[in-house]
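See below for the structure under consideration.
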Amino acid sequence: MSNWLTICHVDDIPAGTGLCALVNEQQVAVFRPDDSGSVFAISNMDPFANANVLSRGLIAQHQDELWVASPLKKQRFNLSDGRCLENSEMSVKSYPARVRDGNVEIADSAAL
């Protein structure tokens, strides 16, 4: 059973953007791709640049999936599972995320 941690109010993340949250001393990139109420959470660490920057990346759709492009080296990471489009060995951790009662929550059972 997961424990859900409240990160922020959904309106704190403008649609089409992301933000960085510090969860159990780990930086997590939280994205709100649109106004539909969907949110996604992946590690904020770009493994190619070894920098916490993914929350500042651009959200894009490719083959009906949502991705974020790193602002540094432009590799793309799947918002649902953290898979790297260019190199699956460089994927990042993903976290269950949801909106409940207007708040964005992340499951802390995902080994944060």
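The values are calculated or read from the model by the stated rules, or taken from the named source; none is laboratory data. Quantities reported herein were computed from a predicted structural model and do not represent experimental measurements. Virtual Cβ from ideal backbone geometry, glycine too; neighbours counted across all protein chains shown. Protein only, heavy atoms only, side chains kept; ligands, DNA and RNA dropped before computing areas. Shrake-Rupley method; radii C 1.70, N 1.55, O 1.52, S 1.80 Å.
Only one entry of 98, 56 meets the criterion of being closer than 18 Å to residue 35 by Cβ and open to solvent by 50 Å² or more (accessible area, probe 1.4 Å), and that entry is 98. A Cβ distance below 8 Å, combined with a sequence gap of six or more or placement on separate chains, defines the contacts here; from the stretch 7-29, residues that are surrounded by fewer than 16 Cβ atoms within 10 Å (Cβ to Cβ) reach residues that are acidic (Asp, Glu) in the pairs 15/34; 15/35; 16/34; 24/108.
When the residues of the stretch 73-84 are narrowed to those that are open to solvent by 50 Å² or more (accessible area, probe 1.4 Å) and at pLDDT 95 or above, which ends up farthest from residue 15 (Cα to Cα)? Ranking the qualifying residues of the stretch 73-84, first place goes to 83. Note on the stretch 65-109: residues that are among the hydrophobic types (A, V, I, L, M, F, W, C), without any contact (Cβ under 8 Å) to a residue 40 or more places away in the chain and out of contact with any His (no Cβ under 8 Å at 6 or more places or on another chain) amount to 6. Checked against the criteria, residue 104 counts as crowded, with 16+ Cβ neighbours inside 10 Å, touching a helix residue (DSSP H, G or I) at 6+ places or on another chain (Cβ under 8 Å) and modelled with pLDDT of 95 or more.
Results for (1) among the charged types (D, E, K, R); (2) more than 13 Å from the chain's Cα centre (by Cα), shown as yes or no for each residue.
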{"position": "34", "(1), (2)": "yes, yes"}
{"position": "41", "(1), (2)": "no, no"}
{"position": "50", "(1), (2)": "no, yes"}
{"position": "101", "(1), (2)": "yes, yes"}
